[in-house]
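Student: I'd like to ask you about the structure that follows.
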Amino acid sequence: MKIIDQTYKQTIKAKAKELGFIACGFAKYEVLEGESGKLRKWLDEGKQADMAWIERGFEKRRDVRHILPEARSVISLAFNYYTPFEHDESKPKISRYAWGKDYHKILKKKLKELCEVIMLTSPPSPLLIGEGGNDSEINEKLKSLNETSPPSPMLIQPGRDFENVQAHFLEIEGGNDTEIVEKAKSLNVTSPPSPLLIGEGGNDSEIIEKAKSLNETSPPSPLLIGEGGNDSEIIEKAKSLNVTSPPTHTKKENGGILLKSYVDDGPVMDKVWAQRAGIGWMGKHSNIINPEYGSWFFLCEIVTNIDFGIYDTPIEDMCGSCTLCISACPTGAIESEYVVDANKCISYQTIENRGEIPQDLNLDGWIFGCDVCQDVCPFNSPKYNHVTSEEGFWPKSIFEGTDQSASTPTPMAGTALSETSQELAQLTEEEFAEVFADSPIKRTKYAGWKRNLGRIDK
Ligand code: B12
Ligand code: SF4
Ligand code: SF4
C-alpha cells in the first residue's frame, strides 16, 4: 500500500510524540547488505561471545522480509530514559537504563497504542475504492481477491478506544492467519463493533453493548455502508451475503495493513534502522546519538507493509576527532571506532554471560550493565540531558513513599538500590525475584546477581 498523503506520517509522528517518544523516523525497506556484512565479520571474529542468538537471527537482521515478507518500510522510534541522578562511585553500580521498571513492558504498551493509530487512521484500501458495484458484486470481488476483512480501518472513527481493539494487534504478535484466528478466539476477541454503529451516537461502551445486543461479533463490512437500512437490516444483509470478516487483518497484497513491532526483543538491527530513519548517528562507542538528546534512549521499531513514499535521511556523524569513550572504557572493549568486543564489555559480562566472568576482567564496580562510555560522551553532558517523560523509568527507590511529580527529586545514591554489595548479597532468591520482578535486572538471574556482587568489593 503506497501512501502519497504525507499527513498520515505527520499523524503517526504526532501520536509518537504524545506517547513520549523523543524521535520517530521513517526508513525505506532495503536489504541491509553493507551493515550485515560488518555484523558478519563481527560474528566471524567471535565478538558476540556466547550470544549465539545473534548468529541464529542473522538472515532476519540482514533482511526484515524474513520477518515480514510484505515489508516496505521501518518506523524507528527512540524513548528517553534519562533521570537526573549520577552513579555513586562508592557503591555497586547499576546502569542507568535499569534503575526503573522494565522498559519492554512500558514501551510495548506505547507501541501498541501507536499501532492502533496507524491502523485506525490508514487510508482505505486502494483495491476497492472507486470500483463501485452493488454489495453482491463487491462481495464477489472481495472473495475473488480472497479479501474477507474490512478493506480499511479508516471507516472506523480514528482515535476511538475500542474495548476489542486488540483484534488489530494480533497481527503484531506474529503467526500466520490461522494462528492469529486461533489466538483471537482464545482471547475472545470479536473485533470492534461495526463502524455502522458508530455514528449512531453513544460512547464506546454503549456502542459495544449495542453491538452485543445485535449479536454482532465482527464488522459485517464497511462495504455495506451507504446501502441504507438500520443496523439489524444491514446485519441481516451481511449474514445473507455470508460476510463474516476475520477478527484481524489478514495478509493481503495491497490490502490490510501489517505491523510488527519490536522493543529490543527481536532479530532486527535497531541501530541501523535508527540511523537510516534519521534518529541519530552511531557514536564510536557504537550507540546511537541524537543531536538533541544524546544517547540515553531505547530504540524500538515497527516493520510494516506501508510504503510511505517519502523517507527520512541519515544525519551526519558528529563524533569528529573525539575518542573519549574509547579511552575511558575500563576494559578496552571498544576495540576500534564503532566496534565493541562483547567478550570484554562489562555490560555483556554482567548481564548476558551465564558462565564465569574471566578473572582478569575488571568490572570497575559495575554489578549490572555499564555506562562509562556514555557517561564520558560530550553529547550526554547536561545540555543534552532531558528528563524522561516516563515515571516508570525513575529509580525504583526514589518513588517509594515520595511524590513522583516532585520537581526536586530526593537525592539518591545513583543505583536502584543504594546498599553496599554485602547488603545486596543478602537478598535470597525469593527476595531477588520479588524485588526485581518488574525490573530489567531480573535478566541476569539470581546466579548472575550473586556472581557479579562477588566480583566487586564495595
Ligand atoms: C547484542 C547487544 C549488546 C551487546 C553487544 C553490544 C554492541 N555494541 O553490539 C552487549 C551486551 C555488549 C550490549 C551492551 C549494551 N547495550 Co545493547 N544491544 C545489543 C542488541 C541486542 C544487538 C546489537 C548488535 O546487533 N550488535 C552487533 C554489532 C556488530 O552490531 P552493530 O553495533 O549494529 O554493528 C555496527 C558497528 O559495529 C559498525 N561497524 C562495524 N565495523 C565498522 C567499521 C567502520 C569503519 C564503521 C564506520 C562502522 C563499523 O557497523 C555495524 C553495522 O551497523 C541491540 C538491540 C538490537 N536488536 O539491535 C542492543 C542495543 C544496541 N543495546 C543498547 C544498550 C542501551 C546497551 C548498553 C548501553 C546497556 C548498558 N548500559 O549496559 C550497552 C552499551 C555497550 C556498547 N558500548 O555498545 C541499546 C542502544 C540504544 C542506543 N541509544 O543506541 C540497543 C539498541 C537496545 C535498544 N533497543 O534500545 N548490547
Ligand atoms: S559499556 Fe562499559 S565496558 Fe562496554 S564498551 Fe562501554 S565502557 Fe566499555
Ligand atoms: S565520546 Fe566522543 S567519540 Fe565517543 S561517541 Fe561520544 S562524541 Fe563520539
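All of the numbers you see were taken from the coordinates with simple rules; none came from a lab. Keep in mind it's a predicted model, so treat the numbers as computed, not measured. Glycine gets a Cβ as well: all are built from the backbone with ideal geometry, and neighbour counts include every protein chain shown.
Student: If you take the residues in region 109-119 that are touching a residue at least 12 places away in the same chain (Cβ under 8 Å) and basic (K, R), which one is surrounded by the most Cβ atoms within 10 Å (Cβ to Cβ)?
Tutor: Among residues in region 109-119 that are touching a residue at least 12 places away in the same chain (Cβ under 8 Å) and basic (K, R), the one surrounded by the most Cβ atoms within 10 Å (Cβ to Cβ) is K110.
Student: Could you please let me know if G369 is crowded, with 17+ Cβ neighbours inside 10 Å, more than 27 Å from M318 (Cβ to Cβ) and among the small types (G, A, S)?
Tutor: It is false that G369 is crowded, with 17+ Cβ neighbours inside 10 Å, more than 27 Å from M318 (Cβ to Cβ) and among the small types (G, A, S).
Student: Determine whether region 276-298 contains at least one residue that is hydrophobic (A, V, I, L, M, F, W, C) and in a helix (DSSP H, G or I).
Tutor: No, region 276-298 has no match at all.
Student: Could I ask something else about it? Report yes if C329 is surrounded by 19 or more Cβ atoms within 10 Å (Cβ to Cβ), within 19 Å of W99 (Cα to Cα), of a type outside the set (K, R) and within 14 Å of ligand 3 (Cβ to nearest atom), otherwise no.
Tutor: Considered against the rule, which asks whether it is surrounded by 19 or more Cβ atoms within 10 Å (Cβ to Cβ), within 19 Å of W99 (Cα to Cα), of a type outside the set (K, R) and within 14 Å of ligand 3 (Cβ to nearest atom), C329 comes out as no.
Student: Applying the selection to region 253-282, what residues are within 16 Å of M318 (Cα to Cα) and in contact with a helix residue (DSSP H, G or I) (Cβ under 7 Å, 6 or more places away or on another chain)?
Tutor: G280, W281, M282
Student: Turning to a different aspect of this structure: Hey, any hits in region 297-315 for a residue that's charged (D, E, K, R) and within 8 Å of ligand 1 (Cβ to nearest atom)?
Tutor: No - not one qualifying residue is present in region 297-315.
Student: Any idea which residue in region 342-377 is nearest to A328 (Cα to Cα), counting only those that are in a loop (DSSP other than H, G, I, E, B) and within 16 Å of ligand 3 (Cβ to nearest atom)?
Tutor: That would be V376.
Student: Answer with yes or no whether L19 is of a type in the set (A, V, I, L, M), over 30 Å from E335 (Cβ atoms) and out of contact with any strand residue (DSSP E or B) (no Cβ under 8 Å at 6 or more places or on another chain).
Tutor: Numbers: of a type in the set (A, V, I, L, M): yes; over 30 Å from E335 (Cβ atoms): yes; out of contact with any strand residue (DSSP E or B) (no Cβ under 8 Å at 6 or more places or on another chain): yes.
So L19 fits the description; yes.
Student: Here's something else I'd like to know. Of all residues in region 321-361, which are under 28 Å from the mean Cα position of the chain (by Cα), more than 7 Å from ligand 2 (Cβ to nearest atom) and of a type in the set (S, T, N, Q)?
Tutor: Of everything in region 321-361, those that are under 28 Å from the mean Cα position of the chain (by Cα), more than 7 Å from ligand 2 (Cβ to nearest atom) and of a type in the set (S, T, N, Q) turn out to be N343, Q349, T350, N353.
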